[in-house]
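Here's the structure we're looking at; comments come further down.
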Amino acid sequence: MSIDAATLKSPELEKTETIEETSTTTEQEKDDGGLSALTGTVDGDDSGGEKKALTDGDGDGKGSEKEGSEGKDGADDGWEVFDPATISLPEGISLDDETTADFIQLDEQYKFTKEQKEALVAMDVKRSQRQTAAQDATADSEFEKLNADWVKRVKEDPVLGGDNFSSTVANVTDLISAVAGPQKDKDGKETSPGYAQELREVFAFTGAGNHPAVIRFINDLSILAKESGMSPANEGGASGGGQGAQGLYPSMENP
(Lines give C-alpha, C1' and ligand atoms only; values in the text may rest on other atoms or scores of the structure.)
Protein backbone atom coordinates (compact mmCIF):
# COMPACT_ATOMS: atom_id res chain seq x y z
CA MET A 1 0.00 0.00 0.00
CA SER A 2 1.45 3.21 -1.14
CA ILE A 3 0.71 6.75 0.29
CA ASP A 4 0.54 9.81 -2.01
CA ALA A 5 2.78 12.40 -0.36
CA ALA A 6 1.27 15.27 -2.45
CA THR A 7 -2.13 14.76 -0.89
CA LEU A 8 -0.91 14.20 2.59
CA LYS A 9 -0.92 17.20 4.88
CA SER A 10 0.66 16.85 8.20
CA PRO A 11 -0.76 18.67 11.23
CA GLU A 12 2.49 20.65 11.61
CA LEU A 13 2.30 21.90 8.04
CA GLU A 14 -1.28 23.00 8.44
CA LYS A 15 -0.39 24.85 11.62
CA THR A 16 2.43 26.71 9.86
CA GLU A 17 0.16 27.78 7.00
CA THR A 18 -2.45 29.08 9.44
CA ILE A 19 0.16 31.19 11.29
CA GLU A 20 1.41 32.70 7.99
CA GLU A 21 -2.11 33.60 6.92
CA THR A 22 -2.84 35.23 10.26
CA SER A 23 0.41 37.18 10.10
CA THR A 24 -0.37 38.42 6.60
CA THR A 25 -3.82 39.57 7.65
CA THR A 26 -2.44 41.38 10.66
CA GLU A 27 0.22 43.24 8.58
CA GLN A 28 -2.46 44.33 6.09
CA GLU A 29 -4.66 45.69 8.86
CA LYS A 30 -1.66 47.44 10.36
CA ASP A 31 -0.86 49.05 7.02
CA ASP A 32 -4.48 50.06 6.54
CA GLY A 33 -4.55 51.52 10.04
CA GLY A 34 -1.47 53.64 9.31
CA LEU A 35 -2.99 54.99 6.13
CA SER A 36 -6.24 55.74 7.91
CA ALA A 37 -4.36 57.76 10.54
CA LEU A 38 -2.87 59.93 7.81
CA THR A 39 -6.21 60.45 6.09
CA GLY A 40 -8.07 61.22 9.30
CA THR A 41 -10.03 57.94 9.46
CA VAL A 42 -9.75 55.87 12.62
CA ASP A 43 -11.62 52.60 13.03
CA GLY A 44 -13.85 53.54 10.16
CA ASP A 45 -14.91 56.93 11.62
CA ASP A 46 -14.22 60.11 9.64
CA SER A 47 -12.58 62.72 11.87
CA GLY A 48 -12.71 65.37 9.16
CA GLY A 49 -15.75 66.88 10.86
CA GLU A 50 -13.76 67.43 14.01
CA LYS A 51 -10.94 69.10 12.08
CA LYS A 52 -13.37 71.36 10.32
CA ALA A 53 -14.76 72.49 13.64
CA LEU A 54 -11.37 73.89 14.55
CA THR A 55 -11.11 76.00 11.42
CA ASP A 56 -14.63 76.98 10.44
CA GLY A 57 -14.96 79.78 12.98
CA ASP A 58 -17.16 77.89 15.44
CA GLY A 59 -14.33 76.76 17.70
CA ASP A 60 -11.58 78.51 19.63
CA GLY A 61 -9.53 79.48 16.58
CA LYS A 62 -10.10 82.29 14.10
CA GLY A 63 -13.74 82.46 14.97
CA SER A 64 -12.85 83.99 18.35
CA GLU A 65 -10.64 86.57 16.68
CA LYS A 66 -13.43 87.52 14.35
CA GLU A 67 -15.81 87.86 17.26
CA GLY A 68 -13.35 90.09 19.09
CA SER A 69 -12.96 92.27 16.01
CA GLU A 70 -16.70 92.71 15.73
CA GLY A 71 -16.84 93.65 19.40
CA LYS A 72 -14.20 96.34 18.85
CA ASP A 73 -16.11 97.79 15.93
CA GLY A 74 -19.21 97.81 18.06
CA ALA A 75 -17.44 100.11 20.55
CA ASP A 76 -17.40 102.84 17.86
CA ASP A 77 -21.17 103.15 17.98
CA GLY A 78 -22.07 106.74 18.87
CA TRP A 79 -18.49 108.04 18.51
CA GLU A 80 -18.14 111.60 17.27
CA VAL A 81 -14.96 113.31 16.13
CA PHE A 82 -13.33 115.75 18.54
CA ASP A 83 -15.13 119.11 18.68
CA PRO A 84 -13.73 121.81 21.03
CA ALA A 85 -17.21 123.32 21.33
CA THR A 86 -18.32 120.23 23.27
CA ILE A 87 -15.38 120.29 25.69
CA SER A 88 -15.55 122.07 29.05
CA LEU A 89 -12.62 124.48 29.32
CA PRO A 90 -11.55 126.74 32.21
CA GLU A 91 -12.67 130.34 31.91
CA GLY A 92 -10.41 132.33 29.63
CA ILE A 93 -8.90 129.20 28.05
CA SER A 94 -9.40 128.28 24.40
CA LEU A 95 -7.81 125.81 22.00
CA ASP A 96 -5.98 127.22 18.99
CA ASP A 97 -6.40 125.68 15.54
CA GLU A 98 -3.11 123.76 15.70
CA THR A 99 -3.94 122.13 19.05
CA THR A 100 -7.46 121.31 17.88
CA ALA A 101 -6.07 119.62 14.76
CA ASP A 102 -3.74 117.51 16.94
CA PHE A 103 -6.65 116.36 19.12
CA ILE A 104 -8.76 115.50 16.07
CA GLN A 105 -5.94 113.37 14.66
CA LEU A 106 -5.54 111.46 17.93
CA ASP A 107 -9.29 111.04 18.33
CA GLU A 108 -9.72 109.62 14.84
CA GLN A 109 -6.95 107.12 15.57
CA TYR A 110 -8.04 105.96 19.03
CA LYS A 111 -11.78 106.76 19.05
CA PHE A 112 -11.84 108.35 22.52
CA THR A 113 -15.01 108.57 24.56
CA LYS A 114 -16.26 112.01 25.58
CA GLU A 115 -14.90 111.49 29.10
CA GLN A 116 -11.48 110.60 27.70
CA LYS A 117 -11.50 113.67 25.49
CA GLU A 118 -12.33 115.87 28.47
CA ALA A 119 -9.51 114.30 30.48
CA LEU A 120 -6.98 114.72 27.68
CA VAL A 121 -7.86 118.39 27.17
CA ALA A 122 -7.75 119.07 30.92
CA MET A 123 -4.32 117.46 31.12
CA ASP A 124 -3.06 119.53 28.18
CA VAL A 125 -4.42 122.75 29.71
CA LYS A 126 -2.65 122.05 33.00
CA ARG A 127 0.57 121.26 31.17
CA SER A 128 0.31 124.52 29.22
CA GLN A 129 -0.42 126.51 32.39
CA ARG A 130 2.60 125.01 34.18
CA GLN A 131 4.80 125.78 31.19
CA THR A 132 3.54 129.37 31.03
CA ALA A 133 4.06 129.86 34.76
CA ALA A 134 7.62 128.55 34.48
CA GLN A 135 8.33 130.86 31.55
CA ASP A 136 6.85 133.84 33.40
CA ALA A 137 8.92 133.07 36.48
CA THR A 138 12.05 132.88 34.35
CA ALA A 139 11.18 136.13 32.57
CA ASP A 140 10.47 137.89 35.88
CA SER A 141 13.75 136.69 37.27
CA GLU A 142 15.67 137.87 34.21
CA PHE A 143 13.82 141.21 34.28
CA GLU A 144 14.69 141.74 37.94
CA LYS A 145 18.33 140.88 37.30
CA LEU A 146 18.44 143.29 34.37
CA ASN A 147 16.92 146.14 36.37
CA ALA A 148 19.23 145.48 39.29
CA ASP A 149 22.17 145.69 36.90
CA TRP A 150 20.92 149.01 35.47
CA VAL A 151 20.48 150.52 38.96
CA LYS A 152 23.97 149.36 39.89
CA ARG A 153 25.41 151.02 36.79
CA VAL A 154 23.63 154.30 37.63
CA LYS A 155 24.91 154.26 41.21
CA GLU A 156 28.44 153.54 40.05
CA ASP A 157 28.37 156.18 37.28
CA PRO A 158 30.84 159.00 38.02
CA VAL A 159 28.28 161.67 37.03
CA LEU A 160 24.96 160.12 38.06
CA GLY A 161 26.05 157.98 41.01
CA GLY A 162 28.30 158.14 44.01
CA ASP A 163 27.91 161.44 45.87
CA ASN A 164 25.71 162.74 43.03
CA PHE A 165 23.12 159.99 43.22
CA SER A 166 20.76 161.89 45.56
CA SER A 167 20.81 165.00 43.37
CA THR A 168 20.28 162.85 40.27
CA VAL A 169 17.12 161.33 41.78
CA ALA A 170 15.88 164.81 42.77
CA ASN A 171 16.52 166.19 39.27
CA VAL A 172 14.63 163.35 37.62
CA THR A 173 11.70 163.64 40.03
CA ASP A 174 11.47 167.42 39.64
CA LEU A 175 11.45 167.32 35.85
CA ILE A 176 8.76 164.63 35.66
CA SER A 177 6.57 166.52 38.14
CA ALA A 178 7.04 169.82 36.30
CA VAL A 179 6.37 168.50 32.80
CA ALA A 180 3.93 165.64 33.44
CA GLY A 181 2.41 166.69 36.75
CA PRO A 182 -0.85 168.63 37.34
CA GLN A 183 -0.84 171.93 35.43
CA LYS A 184 -2.18 175.22 36.75
CA ASP A 185 -2.85 178.59 35.26
CA LYS A 186 -1.50 181.93 36.56
CA ASP A 187 -4.24 182.07 39.15
CA GLY A 188 -3.31 178.64 40.52
CA LYS A 189 -6.34 176.94 39.08
CA GLU A 190 -5.65 173.38 37.86
CA THR A 191 -6.04 173.12 34.11
CA SER A 192 -4.85 169.53 33.66
CA PRO A 193 -4.40 166.57 36.00
CA GLY A 194 -1.20 165.65 34.19
CA TYR A 195 0.18 162.22 33.44
CA ALA A 196 3.10 161.92 35.86
CA GLN A 197 1.65 158.86 37.59
CA GLU A 198 1.02 157.08 34.29
CA LEU A 199 4.53 157.94 33.11
CA ARG A 200 6.07 156.54 36.29
CA GLU A 201 4.05 153.33 35.88
CA VAL A 202 5.37 152.95 32.33
CA PHE A 203 8.92 153.49 33.55
CA ALA A 204 8.42 150.85 36.25
CA PHE A 205 6.64 148.34 33.98
CA THR A 206 9.26 148.50 31.24
CA GLY A 207 12.20 149.06 33.53
CA ALA A 208 13.16 152.13 31.50
CA GLY A 209 13.08 154.26 34.64
CA ASN A 210 16.19 152.40 35.83
CA HIS A 211 18.14 152.44 32.56
CA PRO A 212 21.31 154.57 32.75
CA ALA A 213 20.62 156.27 29.39
CA VAL A 214 17.07 157.31 30.39
CA ILE A 215 18.23 158.58 33.80
CA ARG A 216 21.08 160.50 32.18
CA PHE A 217 18.73 162.08 29.61
CA ILE A 218 16.16 163.27 32.19
CA ASN A 219 18.90 164.44 34.55
CA ASP A 220 20.55 166.49 31.77
CA LEU A 221 17.20 168.07 30.86
CA SER A 222 16.61 169.03 34.46
CA ILE A 223 20.08 170.59 34.78
CA LEU A 224 19.56 172.46 31.48
CA ALA A 225 16.27 173.90 32.72
CA LYS A 226 17.87 175.07 35.96
CA GLU A 227 20.81 176.62 34.15
CA SER A 228 18.34 178.48 31.90
CA GLY A 229 16.68 179.97 34.95
CA MET A 230 13.60 177.78 34.63
CA SER A 231 13.66 175.55 37.65
CA PRO A 232 11.51 172.47 37.05
CA ALA A 233 10.88 172.24 40.79
CA ASN A 234 7.64 174.15 41.22
CA GLU A 235 4.93 173.64 43.78
CA GLY A 236 1.83 172.40 42.03
CA GLY A 237 3.20 172.41 38.52
CA ALA A 238 5.79 173.65 36.10
CA SER A 239 7.56 176.97 36.33
CA GLY A 240 6.89 179.82 33.94
CA GLY A 241 3.19 180.10 34.81
CA GLY A 242 2.62 176.34 35.19
CA GLN A 243 2.37 175.73 31.46
CA GLY A 244 4.24 172.40 31.35
CA ALA A 245 6.88 171.96 28.69
CA GLN A 246 6.26 175.50 27.40
CA GLY A 247 7.12 176.79 30.86
CA LEU A 248 10.50 175.07 30.61
CA TYR A 249 10.95 176.16 27.00
CA PRO A 250 9.20 179.54 26.43
CA SER A 251 10.22 179.52 22.76
CA MET A 252 7.86 176.62 22.08
CA GLU A 253 4.70 177.66 20.30
CA ASN A 254 1.29 176.68 21.58
CA PRO A 255 0.06 173.50 19.91
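The C-beta contact set for region 195-209 (first residue assigned by TED's automatic domain parsing to the domain that holds Gly181, second residue outside any helix (DSSP H, G or I) and of a type in the set (Ser, Thr, Tyr), distance under 7 angstrom, 6+ apart or interchain) is empty. Residue-level analysis places Val202 outside the set of residues that are within 28 Å of Phe143 (Cβ to Cβ), under 49 Å from the mean Cα position of the chain (by Cα), surrounded by 19 or more Cβ atoms within 10 Å (Cβ to Cβ) and of a type in the set (A, V, I, L, M, F, W, C).
Quick grid of which residues meet (1) loosely packed, with under 13 Cβ neighbours inside 10 Å; (2) more than 19 Å from the chain's Cα centre (by Cα); (3) at pLDDT 90 or above:
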{"position": "Glu65", "(1), (2), (3)": "yes, yes, no"}
{"position": "Gly68", "(1), (2), (3)": "yes, yes, no"}
{"position": "Asp73", "(1), (2), (3)": "yes, yes, no"}
{"position": "Pro84", "(1), (2), (3)": "no, no, no"}
{"position": "Pro90", "(1), (2), (3)": "yes, no, no"}
{"position": "Asp124", "(1), (2), (3)": "no, no, yes"}
{"position": "Ala134", "(1), (2), (3)": "yes, no, yes"}
{"position": "Val151", "(1), (2), (3)": "no, yes, yes"}
{"position": "Lys155", "(1), (2), (3)": "no, yes, yes"}
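At least 1 residues being at pLDDT 90 or above and among the aromatic types (Phe, Trp, Tyr) is the threshold, and among the helices (runs of 4 or more DSSP H) wholly inside region 181-255 those reaching it are 196-206, 212-227. Apart from one condition, Val151 fits all of (1) farther than 15 Å from Ala213 by Cβ; (2) in contact (Cβ under 8 Å) with a residue 24 or more places away in the chain; the exception is (1).
Of the residues making up region 169-199, just one is on the phi > 0 side of the Ramachandran plot and over 50 Å from the mean Cα position of the chain (by Cα), namely Gly188.
The values are calculated or read from the model by the stated rules, or taken from the named source; none is laboratory data. Computed from a predicted model, the values in this text were never measured in an experiment. Please note: Cβ atoms are built from the backbone with ideal geometry, for glycine as well, and neighbour counts cover all protein chains shown.
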